[in-house]
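One structure is given here, and the rest of the page talks about it.
The values are calculated or read from the model by the stated rules, or taken from the named source; none is laboratory data. Computed from a predicted structure; not experimentally measured. Heads up, the Cβs are rebuilt from the backbone with ideal geometry, glycines too, and the neighbour counts pull from every protein chain shown.
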Amino acid sequence: MKATLSVAALLVTLAARGGRSDELPPVRRATLDNGLRLVVSEYHELPLVEFYVMVGAGAAQDPPGKAGLAALTATTLRRGAGSLSAEALARAVDSLGGRLDATAGIEATVVSAEFLAKDFSTGLDLLRQVLLDPTFARDEVRRAREEQAAEIVAALDDPGAVAEKCFAAFLYGAHPYGRPIEGFRSTVPGLSRGDVRDFYERWYRPNDTILVLVGDVETADAIIRLREAFGAWRPRPDAVATRAGAPEPVSARRLLLVDKPDASQAQIRFGNISIARSHPDYLAATVANTILGGGFTSQLIEELRVKRSLTYSAWSGFAARLQGGDFRVGTFTKSPTTVETLALALEVEGNFRTQPTAPAALDKARTFLRGQFPLRLESPDALAARLAEGEFYGLPEDDLATYRSRVAQVTAADVERVARDHMPDPDRVAIVVVGKASEIRDPLTARFGNFDTIAPDACEKLSVAR
């Protein structure tokens, strides 16, 4: 427990100092003979080491009929490894005051660990065992499966979670990006230990994995030790994930109502397919989105909250991935103002695409993003995550180092162009409303025409390849 408190105290100390300077430390990249890509950055402000491992497979690689398998594999990965049971592994990590997590995403699974620098060797060995020799004990798989299934059921009571899941399924359909990471009620109970083992053997290979180390280390020595730990990890040529093609955008406005009879508010989501993370317009699109719905002074907040008190929160954002992604707008409101709120949000987004960018709004967005950027890199784990993101999406090696200067160079013409090109025409969007159908169906029909109404647990049927 003392060790745990010491790590926490170190992080508090860093925050008290006000974080790091703007200058980024040097980054060294290397590739082992087995294909494992290493990224090492020295960070001497705190005596910590942060490991951030991205395995190039996630929910998008779930086999047909086994949605949720990547998530179950990630969860059970850290519940026993080598000669250590789940309890023994947890005790070993805790005794070092460390942290070890594994989480599946849509396109990748992240295994991360943090230890005091003096415990580098011991922590590295624990990470090695988790990645190379997980036990997937039958009881642990069963427990994790039951927990995952229970979380899926519990999420049906959260209108916001239902809106996110149903919007993704409604927009993407059979494309893997529409599949929930946690899987479906109909698939998770049938996942077996054999399924977990097969997924691990198929995808957890060095030739489609990135390992980032940020910490109080010497780079050359760290690479030697990483090579010793992971050099024997056997590659598999077919472990490099076959990515789905780019998703198809919707060509006309369509609306789906998800009935939640006990809801007093309506959750609203709308959007369409948009750019990939590696798209050259991504940075300018980020600036544009900050003006529209990416901050507390955004246009959506101004129009929906400040001027009309229709909601407490309204936002927009790009969910950009390898093969594209989506742009979406989200908000919530009381049932009687559902139509007004949705119509106004569509209007605000549509006007943003066609109207000139105010110089003051552009300056505010650029200042905000440039000011926030150092804060997003002020801890070893934050820097490690950003370095891994850059490697995974194939971004330029100087992406972080040049970020603030590139933001400063975004012009009003850039914002207007990317808004027009990468934010959807409000007449061509998928719309999902989650709320009490008996109160909001008729007003929605009167304004937007006919649409389907389904129950929350029917959203999984929207994803054909489930």
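The figures follow:
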| quantity | calculated |
| --- | --- |
| Condition broken by G215, with the remaining ones in (1) under 23 Å from the mean Cα position of the chain (by Cα); (2) crowded, with 16+ Cβ neighbours inside 10 Å satisfied | (1) |
| Of residues in segment 56-92 being in a helix (DSSP H, G or I) and free of Cβ contacts under 8 Å to residues at least 24 places away in the same chain, the one nearest to the chain's Cα centre (by Cα) | A90 |
| Selection within segment 295-321 - assigned to a loop (DSSP other than H, G, I, E, B) and at pLDDT 95 or above | S298, K307, R308, S309, L310, T311, Y312, S313 |
| Unique residue being within 21 Å of the chain's Cα centre (by Cα), surrounded by fewer than 16 Cβ atoms within 10 Å (Cβ to Cβ) and β-branched (V, I, T) when the list is T290, T242, T286 | T242 |
| Test result for S274, at pLDDT 95 or above and surrounded by fewer than 18 Cβ atoms within 10 Å (Cβ to Cβ) | no |
| Given (1) at pLDDT below 95; (2) not in a helix (DSSP H, G or I), index of the condition D238 fails | (2) |
| Some residue of segment 187-205 being surrounded by fewer than 22 Cβ atoms within 10 Å (Cβ to Cβ), β-branched (V, I, T) and part of a helix (DSSP H, G or I) | no |
| Only listed residue being within 22 Å of F199 (Cβ to Cβ) and among the aromatic types (F, W, Y), chosen from F136, F115, F120 | F136 |
| Answer from A412, A408, A430 - the residue that is within 23 Å of the chain's Cα centre (by Cα) and either touching a residue at least 40 places away in the same chain (Cβ under 8 Å) or farther than 30 Å from P374 by Cβ (or both) | A430 |
| Residue check for S251: touching a residue at least 60 places away in the same chain (Cβ under 8 Å) and farther than 30 Å from L377 by Cα | yes |
| Flag if A232 is of a type in the set (A, V, I, L, M), surrounded by fewer than 16 Cβ atoms within 10 Å (Cβ to Cβ) and not in a loop (DSSP other than H, G, I, E, B) | no |
| Selection from segment 349-360 of residues that are surrounded by fewer than 18 Cβ atoms within 10 Å (Cβ to Cβ), in contact (Cβ under 8 Å) with a residue 24 or more places away in the chain and in a helix (DSSP H, G or I) | G350, T354, P359 |
| Members of segment 368-403 that are farther than 28 Å from V348 by Cα and either touching a helix residue (DSSP H, G or I) at 6+ places or on another chain (Cβ under 7 Å) or of a type in the set (D, E) (or both) | R376, L377, E378, S379, D381, E389, E391, E397, D398, D399, L400, Y403 |
| Selection count where residues are under 23 Å from the mean Cα position of the chain (by Cα) and without any contact (Cβ under 8 Å) to a residue 12 or more places away in the chain, scope segment 361-388 | 4 |
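Condition check ((1) surrounded by fewer than 19 Cβ atoms within 10 Å (Cβ to Cβ); (2) assigned to a helix (DSSP H, G or I)) across all residues:
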| site | (1), (2) |
| --- | --- |
| R328 | no, no |
| T331 | no, no |
| V339 | no, yes |
| L344 | no, yes |
| E347 | yes, yes |
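Residue-wise test of (1) of a type in the set (S, T, N, Q); (2) in contact with a strand residue (DSSP E or B) (Cβ under 8 Å, 6 or more places away or on another chain); (3) surrounded by fewer than 17 Cβ atoms within 10 Å (Cβ to Cβ).
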residue: E248; (1), (2), (3): no, yes, yes
residue: D259; (1), (2), (3): no, yes, no
residue: Q267; (1), (2), (3): yes, yes, no
residue: F270; (1), (2), (3): no, yes, no
